[in-house]
Amino acid sequence: GEFKSGTLTEERQSYRLATYGNVINISRQVIINDDLGAFVDLARRIGQASAATEAQLLVDLLLANSAAGPTMSDGKALFHVDHKNLQTAAAFDLTPLSIMRTAMRKQVGLTGELISIDPKFLLVPAELETIAEQKLRTVLYPAASANAATDSMKSLEIVVEPRLVSATAYYLGADPASVDGLEYAYLEGEQGVQTEMKAGFEVDGISIKARLDFGAGFVDHRAFQRNPGV
């Protein structure tokens, strides 16, 4: 028979780059008296500060709107019951984690078809690090073989983020190979922090400018699940 014409259904999400930076002034006297070489490794320290800035910006997106996340193009927060990614509050355990994984697996696309999202990352605050490891260990190394974890549970990675302000909330993130979720970008040609150095003339010393053009945003709510915890 004849092939029928179809259309592509799309959602539109957007975010933009912002510029972050600082200028560090180092006097000649400080350089001369620097016996410990604190400024020799300045590039590494600037890189660490840049990475911390990026991490904080990503966490701020999760915590926006009282931890409901940023407002998406449909006018609803990232974590919303209508998005089927906000679960009933429960203390971290395997049962609520299973509910989150099931909900992610059953997410549908814009035309109602199952899109087969693979859960990949368990994101927890520092306060839940130990209990998350303990709970997953019970299924990775069970006393009885009947309780052994599935291959997908074994592939679940624990990501500990101390910048999360809630000591009880935990998240499930999808494998980026199966769906787009939290996306970040740099200015083309300037990936990562950029540094410039200028020697002083009126002031005896050097100035180092660090600049970062960075942006991030959620492009699909289906890639994350949240449980507020108790």
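The values are calculated or read from the model by the stated rules, or taken from the named source; none is laboratory data. In this text, all values refer to a predicted model and were calculated from it rather than measured experimentally. Neighbour counts run over all protein chains shown; Cβ positions are idealised from the backbone, glycine included. All accessible areas refer to the heavy atoms of the entire protein, side chains included, with ligands and DNA or RNA removed. Shrake-Rupley method; radii C 1.70, N 1.55, O 1.52, S 1.80 Å.
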Flagged in the stretch 142-162 as at pLDDT 65 or above and either open to solvent by 80 Å² or more (accessible area, probe 1.4 Å) or among the acidic types (Asp, Glu) (or both), in numbering order, are Lys154, Glu157, Glu161, Pro162
Per-region count, the stretch 81-105, residues assigned to a loop (DSSP other than H, G, I, E, B) and in contact with a strand residue (DSSP E or B) (Cβ under 7 Å, 6 or more places away or on another chain): 5
Just to check your reading of the model, which residue among Lys106, Lys120 is closer than 15 Å to Ser155 by Cβ and not aromatic (Phe, Trp, Tyr)? Lys120
Do the conditions hold for Gly189, that is, is it open to solvent by 30 Å² or more (accessible area, probe 1.4 Å), on the phi > 0 side of the Ramachandran plot and not charged (D, E, K, R)? yes
Which numbered condition in (1) assigned to a helix (DSSP H, G or I); (2) farther than 20 Å from Leu128 by Cα; (3) in contact with a Lys or Arg (Cβ under 8 Å, 6 or more places away or on another chain) is the only one that Thr53 fails? (3)
Tally the residues that are modelled with pLDDT of 95 or more and either closer than 18 Å to Pro96 by Cβ or of a type in the set (Gly, Ala, Ser) (or both), restricting the search to the stretch 163-184. 10
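Would you say Gly229 is at positive phi and either in contact (Cβ under 8 Å) with a residue 24 or more places away in the chain or surrounded by fewer than 17 Cβ atoms within 10 Å (Cβ to Cβ) (or both)? Full working, then the answer.
Details: at positive phi: yes; either in contact (Cβ under 8 Å) with a residue 24 or more places away in the chain or surrounded by fewer than 17 Cβ atoms within 10 Å (Cβ to Cβ) (or both): yes.
Against the criterion (at positive phi and either in contact (Cβ under 8 Å) with a residue 24 or more places away in the chain or surrounded by fewer than 17 Cβ atoms within 10 Å (Cβ to Cβ) (or both)), Gly229 qualifies.
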Can you find a residue that is surrounded by 13 or more Cβ atoms within 10 Å (Cβ to Cβ), of a type in the set (S, T, N, Q) and either assigned to a loop (DSSP other than H, G, I, E, B) or under 20 Å from the mean Cα position of the chain (by Cα) (or both) anywhere in the stretch 71-80? yes
